[in-house]
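Written out below as structure tokens is the structure these notes cover.
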Protein chains: 2
Amino acid sequence: MGTAKLIGIDWGTTSFRAALMDGDGGIIDRRASGDGLLSVTDRDFEGVLERAIAGWDAAATLPVTASGMVTSRTGWVETPYLPCPAGADDLAGALTRLTTAGGRRVALITGLSYRNPDGTPDVMRGEETQIAGLALAGKRLAVMPGTHSKWVRIDSGRITAFRSAMTGDAFAALRDHTVLKLTTADRVEAPGAFAAGVAVGSAEGGAGLLGKLFRQRAGSLMGDFPASETAERLSGLMIGTEIAEARSFAPDVGGPVVIVGGEALAARYAAALDVLGIAHETAPADAAFAGQYRIAKAAGLV
Amino acid sequence: MGTAKLIGIDWGTTSFRAALMDGDGGIIDRRASGDGLLSVTDRDFEGVLERAIAGWDAAATLPVTASGMVTSRTGWVETPYLPCPAGADDLAGALTRLTTAGGRRVALITGLSYRNPDGTPDVMRGEETQIAGLALAGKRLAVMPGTHSKWVRIDSGRITAFRSAMTGDAFAALRDHTVLKLTTADRVEAPGAFAAGVAVGSAEGGAGLLGKLFRQRAGSLMGDFPASETAERLSGLMIGTEIAEARSFAPDVGGPVVIVGGEALAARYAAALDVLGIAHETAPADAAFAGQYRIAKAAGLV
């Protein structure tokens, strides 16, 4: 490892991750905590940041890059979305810079917006930095599973279009706050049930979701499957639906789908793609910090 | 009005409605309360029933018919679903009869099940009695809006097939327990926003719901529409999606769609069907009691 040259911050609503990087983007040290934006009181972003990286750079001479919801309305500084297409160079050109009371230089990486052909908009904050970190060649399709999953079309490393799906957010709400909660309480691991849910969700091009949701309840009432499988079936149903929706969004992109995300969720999406016979590969971890390094370099910060 | 001959009970999870009827099905008196099945303690269904109809029939000589969730697992007696096709005569032949400790004869009307061509099941409890009460001639399609909406194919008064949609249940969960709750707090009446939501939901044959849900959030973030419209847009999106799903279920049924339900929800569905240019008519109120009378008559109870 070389000398420390950059501090990268991935700051979300409920999580905080930081990396101390050298001049080649190598990670010297890292920190992670639950100090997400929701836990910041009195807008003391600087205080939370400095406590989180204490010991790395007492003189506050290293530049900091930050991405994620930290640039949203509930974050440190709300920055306007950058329209697609955009890659690391565009993000470097759109940095919002501030200097804290303690003299630390912080460069905030903004999110992206996209207008669908029908005029409806989509937005992301944080994922653009992960995609920049992957530095993918050619035309590719990436899926970024999560509360609000993203399907991202990439051309030579630049994001040309993307579509969000409210999969994780809707899954939790439906599991915990509809009639399905009656049978998701005593849940079991059930890969077969998950696979069955994926197949149902992806049928009819992902249409019919409101009916399919009710039939998860009806199937359990009619004894077609054990009630304890409901949560796994519901998870498969939602992810299968999301994948079917994405097919209409990106029918033309060849090559394996790149799965970008945490280990458990990435494995679940890999299993779902296997059910549907769709080739996939999993991106290396730390894409966010790799992206921050790439953007910092393009901006001349390192 | 003639002499009292029958007491009809529509007993749901959170509501209780009763009607005292004469020998022609005319309603002499009625009661309604929040004494739904959830409020029954120690399984004292008889006690709740007798208190609710106190003064109508002290000698307990009138027969009682009951429909709704009262025959579900959480009800008085769990009765097996009757498979489709089924009408008033079939329901009369499948009554579950009991006599209470106080000597009152109660006839429970069971619900229906339906197997889709792909083998997946659907169920209803209570709606079958309402449809029996409408006594519709010919081939018709009815929509019964609610927590779990039903689309019902009817041939000469008998239900031949039906499909549920988790519209109301999912709407409430999504509005109150996802990121959309951030902008549904200060909701306004917005018929234009509702209509726009219906159009979006019904597009692509109802497919793409997970993406459309997220774009309700993105549209508000991008300033495409006021955040206060989110709840109305979401309501339209869900109902528009449900209607599009129903079209694939019943593409061949002519004549206006019959809307069966409470006034406010029926008006909302009428507005949605207007947006989509689908002819409709609203069923008379009290279909449940009319159905109970018809079934009681077919069973020789009156």
From A:I295, A:I243, grab the single residue that is over 30 Å from B:A203 (Cα atoms), of a type in the set (V, I, T) and either more than 14 Å from every other protein chain (Cβ to nearest Cβ) or in contact with a Leu (Cβ under 8 Å, 6 or more places away or on another chain) (or both). A:I295
Out of curiosity, is B:R43 part of a loop (DSSP other than H, G, I, E, B) and not β-branched (V, I, T)? yes
Using beta carbons and a limit of 9 Å, which pairs, at least six apart or on different chains, have the first residue in the range A:49-63 and in contact (Cβ under 8 Å) with a residue 24 or more places away in the chain and the second one polar (S, T, N, Q) and not in a loop (DSSP other than H, G, I, E, B)? A:A52/A:S33
Test result for B:A270, part of a helix (DSSP H, G or I), over 24 Å from B:H148 (Cβ atoms) and among the hydrophobic types (A, V, I, L, M, F, W, C): no
Hey, A:A142 crowded, with 24+ Cβ neighbours inside 10 Å and either closer than 17 Å to A:A290 by Cβ or not assigned by TED's automatic domain parsing to the domain that holds A:T14 (or both) or not: yes
Take the residues in the range B:264-279 that are touching a strand residue (DSSP E or B) at 6+ places or on another chain (Cβ under 9 Å) and free of Cβ contacts under 8 Å to residues at least 60 places away in the same chain, then tell me which one is surrounded by the fewest Cβ atoms within 10 Å (Cβ to Cβ). B:A279
Working carefully through the options A:A227, A:A193, find the one that is over 24 Å from B:T147 (Cα atoms) and hydrophobic (A, V, I, L, M, F, W, C). A:A193
Flag if A:D35 is closer than 20 Å to A:Q130 by Cα, part of a loop (DSSP other than H, G, I, E, B) and assigned by TED's automatic domain parsing to the domain that holds A:R125: no
Breaking point among (1) crowded, with 18+ Cβ neighbours inside 10 Å; (2) within 18 Å of the chain's Cα centre (by Cα), for A:A299: (2)
Top-ranked residue of the range B:64-89 - restricted to ones that are more than 14 Å from chain A (Cβ to nearest Cβ) and surrounded by fewer than 20 Cβ atoms within 10 Å (Cβ to Cβ), ranked as nearest to B:A161 (Cα to Cα): B:P85
Need at least 1 residues that are in contact with a Lys or Arg (Cβ under 6 Å, 6 or more places away or on another chain) and within 14 Å of another protein chain (Cβ to nearest Cβ) per element, so show me which helices (runs of 4 or more DSSP H) inside the range A:116-226 make the cut, counting only ones lying wholly within it. A:127-134, A:181-184, A:191-202, A:209-221
Please work out which residue is farthest from the other protein chains (Cβ to nearest Cβ), limiting yourself to the range B:106-115 and to residues that are touching a residue at least 40 places away in the same chain (Cβ under 8 Å) and under 15 Å from B:D90 (Cα atoms). B:A107
Outside any strand (DSSP E or B) and either at positive phi or of a type in the set (K, R) (or both): which single residue out of B:G254, B:G277, B:G291 fits that description? B:G277
Residues located in the range A:137-149, provided they are aliphatic (A, V, I, L, M) and modelled with pLDDT of 95 or more: A:L141, A:A142, A:V143, A:M144
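Only one of A:V179, A:V123, A:V106 is at pLDDT below 95, surrounded by fewer than 23 Cβ atoms within 10 Å (Cβ to Cβ) and among the aliphatic types (A, V, I, L, M). Can you tell me which? Reasoning before the result, please.
Working: A:V123 fails: at pLDDT below 95; A:V106 fails: at pLDDT below 95.
Just one listed residue meets the conditions, A:V179.
The values are calculated or read from the model by the stated rules, or taken from the named source; none is laboratory data. Predicted model only: the values in this text are computed from it and were never measured. Heads up, the Cβs are rebuilt from the backbone with ideal geometry, glycines too, and the neighbour counts pull from every protein chain shown.
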